[in-house]
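Handing you a structure now.
Since every read-out is calculated from the coordinates, none of them should be taken as a lab result. Quick caveat, the model's predicted, so the values are computed rather than measured. Using ideal geometry, Cβ is built from the backbone for each residue, glycine included, and neighbour counts are taken over all protein chains shown.
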Amino acid sequence: MEEIIKQIVEAEKQAKERIEKAKEEAKLIIQKAKEEAKKLESKIIAEAQEKAKMVIEQKKKEGEIEANRLIEEGTKELEELKVRATENLEKAIDESIKLIRGG
């Protein structure tokens, strides 16, 4: 009977040691998982920032292209208005000369 009690006590001792070892291993696993999660988070953030930077650059280029197009259209329209204004001025001068000459 005494031997059985010693075996039970030893088994309990070994079980406690295993539990403690398992707890330590679990702590290490959790710590490693947190470190990996932090690395992954940093990687995801860096990738998102890079994509955002690329989108911003693309939109900036598109904006510059659109601005240049609008400036070009405005310049063409301004030139057309200048031509029409010059033509109208010439017509007005011709009409004024006709009126002055009497006719």
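Condition test on residue 10, is it within 34 Å of the chain's Cα centre (by Cα) and among the acidic types (Asp, Glu)?
For residue 10, the condition - within 34 Å of the chain's Cα centre (by Cα) and among the acidic types (Asp, Glu) - is not met.
It is to be established whether one or more residues within the range 75-86 are outside any helix (DSSP H, G or I) and either in contact (Cβ under 8 Å) with a residue 24 or more places away in the chain or not polar (S, T, N, Q) (or both).
no
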